[in-house]
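Taking it in order: structure first as structure tokens, then the write-up.
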Amino acid sequence: MPSLPSSQWQAMQLDVLRALRDEGHTWAEVAVEMRQTFHYPYTASACRQRYHEMKAANLAPDTILPAECLDPLEVAKAKLSGSMQRRADAQELEQRAYFEILADVLRESIEPLKFTQPRWTPPRTGPGDPEQAVLVLSDLHFGKRTPSYNTAIGLERLRLTCRRVQHITALHRNAYPVPDLHIIWNGDLVDGTSIYPTHPFHIDAPVVGQIFGNLPGIVEELAGLASYFQHVHNYCVRGNHGRVSKFAHEDDNFDRIFAEALRIATQGIPNMSWTIPDGWYCKQQIGGKRFLMTHGDQVKMMLNLPWYGITTRASRWASSVSLQDFDVLIMSHFHSSSHLRWNGKIIKVNGTQASGDEFAIEKIGLE
């Protein structure tokens, strides 16, 4: 392998070094590209040090800087920067490994529910045109603890919701058929453990308990809904409380693990389907309407009220290339329910089943 003196950098190598770093590559990626281009064993630390030397001295790339001319402060900054980058990379890798291990355990440990679907007998209905039932479940915050809410109470309230879905559907079926149910799991299914500094003092279970503690009961309720409808469609969107950490990828989210657990546990239910997309939103057509579903943590509040931010963001999304073709926007996050019509769009903001919630009362003033 041809070699270069370790103390000498040529103009071409320095040009490539600067271009790679300015494009946003990590030092490890820069070193790999330099080795492949120039067939010389460059290291990430050597590339980082030379780059900071050029930056500190504000020199042209082809200028060879003697070691005795280096500013000790800049050299120290370069070393510290490299150390911080290595720690950040290690933390990101550790968090991703933790998430993947948990996902692997989930896939191996969950057994699909043994479910025998009763023979579908269309209920007696009115003469109207068929309609679709839509249920939005979000901000369940399993694991959250307040004077009037905890994981067990959360499951009981979810059971009550499912019973009311069947009761309300029965009333509507007096006028028209309602064959299918669409469930939108719109984020913050779990409360998490480290979203804010004092978070561990406000939960009654770690994330594993938040996911698996109520899983059998939720699957039981889904099986009951599957017996009541011809087909149950599920759509899942991640929330901000499902974040693993600030170092992990956005899709490494405990809400997605929860959704995958439910999907695996209900594989034996033939008339149930799941859509779990990557990213922060889901688009789906339901009953002739185009739905855009997102948790809503992208929206910032103004004067501690969310509606200006919601309508502004909805207007921008409506004119964007990727999201413009929607009729109904489903959001959550703010723990206060509302219904808006805005420039021809329907905006529905879901509330929360967690009572005694300090966020809704203290920050927004509504519950």
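At-a-glance table
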| item | result |
| --- | --- |
| Residues satisfying the stated conditions in segment 22-34, i.e. surrounded by fewer than 21 Cβ atoms within 10 Å (Cβ to Cβ) and part of a helix (DSSP H, G or I) | Asp22, Ala28, Glu29, Val32, Glu33 |
| All helices (runs of 4 or more DSSP H) inside segment 154-267 with 3 or more residues being under 15 Å from the mean Cα position of the chain (by Cα) | 254-265 |
| Long-range neighbours under 8 Å by Cβ, at least six apart or interchain, first residue of a type in the set (Phe, Trp, Tyr) within segment 1-20, second at pLDDT below 85 | Trp9/Arg50; Trp9/Ile64 |
| Residue within segment 49-66 that is crowded, with 18+ Cβ neighbours inside 10 Å, modelled with pLDDT under 85, in contact with an Asp or Glu (Cβ under 8 Å, 6 or more places away or on another chain) and assigned to a helix (DSSP H, G or I) present | yes |
| Check on Ala19, surrounded by fewer than 14 Cβ atoms within 10 Å (Cβ to Cβ), within 37 Å of the chain's Cα centre (by Cα) and either farther than 23 Å from Arg87 by Cβ or modelled with pLDDT under 85 (or both) | yes |
| Total residues in segment 263-275, condition more than 16 Å from Ile330 (Cβ to Cβ) and without any contact (Cβ under 8 Å) to a residue 60 or more places away in the chain | 4 |
| Selected residue (only one of Lys345, Lys300 is surrounded by 14 or more Cβ atoms within 10 Å (Cβ to Cβ), over 30 Å from Leu160 (Cβ atoms) and of a type in the set (D, E, K, R)) | Lys345 |
| Failed item, numbered, when Leu4 is tested on (1) at pLDDT below 70; (2) of a type in the set (A, V, I, L, M, F, W, C); (3) part of a helix (DSSP H, G or I) | (3) |
| Residue that is surrounded by 22 or more Cβ atoms within 10 Å (Cβ to Cβ), closer than 12 Å to Gln353 by Cβ and either touching a residue at least 12 places away in the same chain (Cβ under 8 Å) or not small (Gly, Ala, Ser) (or both), where the choices are Ser148, Ser138 | Ser138 |
| Segment 28-56: number of residues that are in contact with a Gly (Cβ under 7 Å, 6 or more places away or on another chain) and touching a residue at least 40 places away in the same chain (Cβ under 8 Å) | 0 |
| From the options Phe229, Phe201, residue that is farther than 20 Å from His333 by Cβ and either among the basic types (Lys, Arg) or free of Cβ contacts under 8 Å to residues at least 40 places away in the same chain (or both) | Phe201 |
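The values are calculated or read from the model by the stated rules, or taken from the named source; none is laboratory data. In this text, all values refer to a predicted model and were calculated from it rather than measured experimentally. All Cβ positions, glycine included, derive from the backbone under ideal geometry; neighbour counts span all protein chains shown.
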